[in-house]
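Trainee: I have a structure here, written as structure tokens, and I will follow up with some questions on it.
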Amino acid sequence: KIAACLFDLDGVLVDTARYHFLAWKKLAEELGIEFTLEHNELLKGVSRMDSLDIILNLGKLELPQEKKNELAEQKNSDYLNYIMQMGEDEILPGVKEFLTGLRQRKIGVALGSASKNAQLILERLKIGDLFDAVIDGTKVSKAKPDPEVFLKGAEALQVEPAACLVFEDAIAGVEAARNGGMRCVGIGDRKTLAMADLVIPGFDGVEPESLFQQINLTMT
Ligand code: BG6
Ligand code: MG
């Protein structure tokens, strides 16, 4: 029986992955490191500092922590320039309808994101009020695939992990859900997210009942 749905943010509710990519690419180029869209896949669901480490690794570059903090800060300010220009229309198709549908059916809705910018993005998209709880990068200490972010979400909603369904676009995120004893719907490519219970391309036209049925979850 399902009691709550937990949503990742970047790549699930909004396509911010391309802004992360543009900001990281600019930084990588300044450092003389080649950074492709393929490399970008490695950064999905990964925290800001860990992402920087992955990029520095690609360029076999070692830097002192102070410099790394500075670079991470610089990337974030470039990223925020994109976010500040983002409008409500960038919410992915069907997302708002799906979230609203869950609320009508009295199913708990929480955010489980690694991003420290999550609140700001929810504000930009004007969907903050659709969430009963928001667990983001400012509230967790362990990164996905550790289940902390989703377990905290379940706790905030006062539901058991087994009654939660997670929506994720990152491999590390699908693993986090499973590590927390939760079921998971992958958003994106079936092969990449093979560990998920079900993979869908997005929320456009998706009805809660039929989705839950496909993974043998009931609402009553
Ligand atoms: C995740 C993204 O949701 O948040 C990652 O998938 C990103 O790409 C991470 O690095 C941290 O985000 P932020 O906004 O705190 O830099
Ligand atoms: Mg994501």
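The values are calculated or read from the model by the stated rules, or taken from the named source; none is laboratory data. Fair warning: this is a prediction, and the values are worked out from it, not measured in the lab. We place every Cβ from the backbone using ideal geometry, glycine too, and count neighbours over all the protein chains shown. Please note that ligands, DNA and RNA were not included when accessible areas were found on the heavy atoms of the full protein model with its side chains. Shrake-Rupley method; radii C 1.70, N 1.55, O 1.52, S 1.80 Å.
Trainee: With the Cα gyration tensor of region 32-83 giving a ≥ b ≥ c as the square roots of its eigenvalues, does the rule (a/c under 1.5 for rounded; else a/b larger than b/c for prolate; else oblate) give rounded, prolate or oblate? Intermediate results must be reported in sequence, preceding the final value.
Mentor: Details: a/c = 1.61, a/b = 1.03, b/c = 1.55.
Because a/c hits 1.5 or more and a/b fails to exceed b/c, region 32-83 counts as oblate.
Trainee: Moving on. For region 63-177, give the percent of accessible area contributed by carbon and sulfur heavy atoms, probe 1.4 Å, rounded to a whole number.
Mentor: That fraction is 49 percent.
Trainee: How large is the direction-averaged shadow of the alpha-carbon convex hull of region 137-182, in nm²? Don't skip to the answer; put the middle values down first.
Mentor: On the way: hull surface 11.5 nm².
It is 2.9 nm².
Trainee: Can you give the percent of C-alpha pairs in region 52-128 whose distance is more than 17 Å? Intermediate values should be presented prior to the final figure.
Mentor: Numbers: 1786 of 2926 pairs.
The proportion of pairs with Cα distances above 17 Å equals 61 percent.
Trainee: What percentage of all Cα-Cα pairs in the chain are separated by more than 28 Å?
Mentor: Working: 6483 of 24090 pairs.
Cα-Cα pairs of the chain separated by over 28 Å account for 27 percent.
Trainee: Right, another one. Let me have the 222 nm mean residue ellipticity of the chain computed from DSSP H runs of 4+ only, each contributing -39500 (n - 2.57), with the sum over all residues rounded to the nearest 500. It would help to have the intermediate numbers written out before the result.
Mentor: Details: 9 runs with 95 residues, N = 220.
Value at 222 nm, helices only: -13000 deg cm²/dmol.
Trainee: Additional query: Could you give the angle, 0 to 90 degrees to the nearest 10, between helix 48-58's Cα long axis and the longest principal axis of the Cα atoms of the chain?
Mentor: 50 degrees
Trainee: Heads up, I need the accessible area for His39: 1.4 angstrom probe, whole protein in place, Å², nearest 10.
Mentor: About 50 Å², rounded to the nearest 10.
Trainee: Quick one: pull the percentage of alpha-carbon pairs in region 173-219 with a separation above 13 Å. Please list the in-between numbers first.
Mentor: Working: 607 of 1081 pairs.
Of the Cα pairs, 56 percent sit more than 13 Å apart.
Trainee: By how many degrees, 0 to 90 and rounded to 10, does the Cα axis of helix 65-85 deviate from the longest principal axis of the chain?
Mentor: That helix lies at roughly 60 degrees to the long axis.
Trainee: Here's another thing I want to ask about it. Relative contact order for the chain using alpha-carbon pairs under 8 Å, separation at least 6, rounded to a whole percent?
Mentor: On the way: 369 pairs, mean separation 57.1, N = 220.
Across the chain, relative contact order equals 26 percent.
Trainee: May I pose another question? Roughly how many nanometres apart are two label points built 7 Å out from the Cα toward the Cβ at Thr100 and Lys60?
Mentor: 5.5 nm
Trainee: May I ask you to list the GluC sites (Glu not before Pro) in region 2-64 that are in a DSSP loop and have at most 16 other Cβ atoms within 10 Å of their Cβ?
Mentor: On the way: sites: Glu29, Glu30, Glu34, Glu38, Glu41, Glu62; in loops: Glu34, Glu62.
Those satisfying the criteria are Glu34, Glu62.
Trainee: Which order do you get for Ser115, Ser47 if you rank them by accessible area with a 1.4 Å probe, largest at the top?
Mentor: Ser47, Ser115
Trainee: Would you mind checking the tilt of helix 148-157 against the longest principal axis of the Cα atoms of the chain, expressed as 0 to 90 degrees and rounded to 10?
Mentor: The helix 148-157 is inclined about 40 degrees to the chain.
Trainee: Any chance you could look up the accessible area of Ile171 with a 1.4 Å probe, heavy atoms only, rounded to 10 Å²?
Mentor: Spelled out: Ile171, probe radius 1.4 Å, area about 90 Å².
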